[in-house]
Amino acid sequence: MLLYETNHVRIKMKQNRSTKKVIAWCAALVLLVGTVGATIAWLTATTNPITNTFDPSHVSCEVEEQFNENTGLKENVQIKNTSDIPAYIRVRLVSYNKDGDMIVGGAGKLPSDDALNLADWVQIGSYYYCKTPIDAGQPTPELITSYQLEGGQVLEILAEAIQSEPTRAVSDAWNITIGTDGTITG
């Protein structure tokens with residue numbers, strides 16, 4: 001009988017240990033869920049909502065010019081920074097010939113350097129860059145003072161703007177060099 005009682009006691013002890021482990025795990029799980037739930041409830045009840053006050057900028061520009069359709073004279077070509085932040089401006093001049101509504105022939109003649117204000121602008125590749133950033137709402141210095149189009153010629157002014165800060169973003173995006181004073185050099 002002693003052997004039976006000993007085995008029976010061992011089995012009972014193992015069952016008691018297993019039951020205690022299950023009870024301990026359940027208690028730990030309940031405590032963990034209760035703590036997390038109480039923390040979330042406290043944060044929700046005591047935290048005031050935060051309003052996002054970030055106002056993203058927009059960068060844009062528009063061409064301002066005087067053009068006489070009767071004489072074909074294009075004058076005072078400037079680019080206005082219509083952004084809400086300072087921006088660098090670049091322009092590409094595209095010329096072609098038209099006969100009525102149809103484009104005819106190849107590329108038209110571009111203005112020569114004497115028609116351009118290269119004191120405030122620099123040509124790099126096929127673009128003209130205003131050397132310094134332009135404040136929001138302000139125009140660039142004139143790029144073209146006066147240019148006489150030939151019969152049937154069209155001269156389009158294609159302008160782009162990019163925010164002036166950080167200057168590394170500008171130089172990387174446009175593949176240009178900006179000096180320490182903020183002036184585009186090449």
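All of the numbers you see were taken from the coordinates with simple rules; none came from a lab. These figures come from a predicted structure and were not determined experimentally. Cβ atoms come from the backbone with ideal geometry, glycine included; neighbour counts cover every protein chain shown.
Structure notes:
- Gain in span if fully extended, Leu31 to Thr180, counting 0.36 nm per residue against the direct Cα distance: 47.6 nm
- Loop-located GluC sites (Glu not before Pro) in region 64-134 (DSSP state other than H, G, I, E, B) with a sparse environment of at most 16 neighbouring Cβ atoms within 10 Å: Glu69.
- When the alpha carbon gyration tensor of the chain is reduced to an equivalent ellipsoid, the three semi-axes, largest first, read 79, 20, 17 Å.
- Cut-off under 5 Å, modelled amide H: who pairs with Ile124 long-range: Tyr129
- Straight-line cross-link partners of Lys20 among the lysines, defined as a Cα under 25 Å from its Cα and at least 8 positions apart when in the same chain: Lys12.
- For the chain, the Cβ-based charge dipole about the Cα centre amounts to some 2760 debye (Lys, Arg positive; Asp, Glu negative; other atoms uncharged).
- Across region 175-184, computed HN-Hα scalar couplings (Karplus, 6.51 cos²θ - 1.76 cosθ + 1.60, θ = phi - 60°) run 6, 10, 10, 10, x, 5, 8, x, 8, 6 Hz from first to last residue, x flagging Gly and Pro.
- A cut-off of 5 Å between modelled amide H atoms, ignoring neighbours fewer than 5 places along the same chain, links Lys98 with Val104, Gln153, Val154.
- C-alpha long axis of helix 2-46 to longest principal axis of the chain, angle in °: 30
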